[in-house]
Amino acid sequence: MATKKTISDFVQMRQRKEKIVYLTAYDYLTAKYEEKAGVDMILIGDSGGMVQLGYDTTFPVTMDDMIRFSAAVRRGAPNTFIVGDMPFLSYQVSDEEAVANAGRFVKEADCDCIKLEGATDEICQRIKAITGAGIMVMGHIGLTPQFAAQLGGYKAQGKTAESAKRLLESAKKLEEAGAWSILVEGVPAIVGKAITERSDIPILGIGAGSYTDGQLLIYADMVGYYDNFTPKFVKKYANIGDVLQKAFSEYCDDVRSGAFPEDGIHSYKMSQEEIDQFIAICSD
Ligand code: KIV
């Protein structure tokens with residue numbers, strides 16, 4: 001069994017130019033299979049609100065939802081570095097709330113670090129407060145869904161030279177505030193490359209090209225499970241949705257036709273002696 005990687009392992013992987021493999025998970029079973037596959041790092045993303053709970057956006061997700069998901073992931077992947085994603089309004093309001101909520105991920109779900117979105121002065125202040133309390137922070141810039149209103153919707157960022165330059169500045173701000181790594185989402189590959197080259201900390205990418213130190217995907221996108229919408233940057237490795245739908249349809253057919261269950265195969269046995277006694281009791 002592989003030992004759990006640490007932040008210093010990820011820093012060394014960056015130095016050795018070894019890619020960091022990062023996937024989301026929200027439940028025990030998925031986390032278990034990801035750990036068996038050798039994933040380096042698991043994000044319990046607030047995308048769980050859409051993938052797991054069926055919301056249209058991540059805004060309704062609560063801290064309690066995230067703690068429930070995170071604790072289940074930890075049970076499934078006890079030897080993997082896990083990152084708890086702070087949901088909307090769990091860190092924006094004040095340093096005190098941000099530290100208390102970040103602490104819940106560590107105390108109640110055994111997370112190794114937390115992630116939060118944005119790079120405004122207020123967010124940098126939150127990062128200082130959370131790291132000051134001894135909790136490691138992963139920043140997140142680019143297409144940050146919790147700031148969709150300011151970004152003009154859910155669209156790729158850094159597509160003009162000016163906005164790409166602002167992303168470079170944001171990455172520097174997060175690093176200076178104490179983030180140990182940054183997730184860059186939904187930017188052109190050249191911008192992902194520039195951020196990675198100019199940073200001294202691990203840069204993870206999702207839809208940010210091939211140059212970042214590691215790659216993240218939402219697991220339900222890459223296995224063809226979540227089919228409401230699939231971003232352009234996703235590569236599909238399976239079609240789990242089709243597999244499930246086929247299995248469920250065959251089960252419907254079998255139950256309706258009487259083909260399932262088959263007595264003697266899908267049922268418990270009773271000894272002939274007990275059967276004889278049972279028949280005698282029933283006929284009394
Ligand atoms: O919630 C999440 O899964 C995320 C990724 C989309 C980056 O934050």
**Request:** Name the residues whose placed amide hydrogens come within less than 5 Å of the amide hydrogen of S181, ignoring near sequence neighbours (fewer than 5 apart) on the same chain.
**Result:** G139
**Fill in**
Violations at 30 Å Cα threshold for listed pairs K128/K193; K107/K128; K5/K173; K17/K235; K5/K128; K115/K246 -> K115/K246
**Item:** Extended-chain gain in nm, criterion 0.36 nm per residue less alpha-carbon gap, A238 and C282
**Value:** 10.6 nm
**Amide hydrogen neighbours beyond the local backbone of G205, cut-off 5 Å, H modeled** = V184, G214, Q215, L216
**Request:** Mind giving me the FRET efficiency for T120 and I265? R0 is 41 Å, r the Cβ-Cβ distance, nearest 0.05 is fine.
**Result:** 0.10
**Asked** Among rounded, prolate and oblate, which fits segment 142-217 when a ≥ b ≥ c are the square roots of the eigenvalues of its C-alpha gyration tensor, a/c under 1.5 means rounded, and a/b larger than b/c means prolate?
**Response** rounded
**Request:** Tell me which residues come under 5 Å, amide H to amide H, from C113 once H is placed; ignore anything under 5 positions away on its chain.
**Result:** I82, G84
**Item:** Over the chain, relative contact order from alpha-carbon pairs under 8 Å, at least 6 apart, %
**Value:** 14
**Asked** In nm, to one decimal, how far is the E197 label point from the T3 one, both placed 7 Å along Cα→Cβ?
**Response** 3.6
**Message:** Using each residue's phi in segment 184-197, evaluate 6.51 cos²θ - 1.76 cosθ + 1.60 at θ = phi - 60° and report the 3J(HN,Hα) Karplus result to the nearest Hz, with x for Gly and Pro.
**Reply:** 10, 10, x, 9, x, 4, 5, 6, x, 5, 4, 5, 4, 5
**Complete:** Taking every other residue with Cβ under 14 Å from the Cβ of E185 and scoring Lys and Arg +1, Asp and Glu -1, one gets 0
**Message:** Under 8 Å for C-alpha pairs, at least 6 residues apart: give me the relative contact order for segment 210-270, rounded to a whole percent.
**Reply:** 21
**Request:** Please sort 60-70, 204-214, 268-278 by packing, taking for each peptide the average over its residues of neighbouring beta carbons within 10 angstrom, highest first.
**Result:** 204-214, 60-70, 268-278
**Prompt:** What's the local net charge at D95, with K and R +1, D and E -1, over the other residues with C-beta under 13 Å away?
**Reply:** -2
**Request:** Can you check what the net charge comes to around A71, using other residues whose Cβ is under 10 Å from the Cβ of A71 (Lys, Arg +1; Asp, Glu -1)?
**Result:** +1
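Just so you know, all these numbers are worked out from the coordinates, no wet-lab data involved. The model shown is predicted, which means the values in this text are computed figures rather than measured ones. Note: ideal-geometry Cβ built from the backbone for every residue, glycine included; neighbour counts use all protein chains shown.
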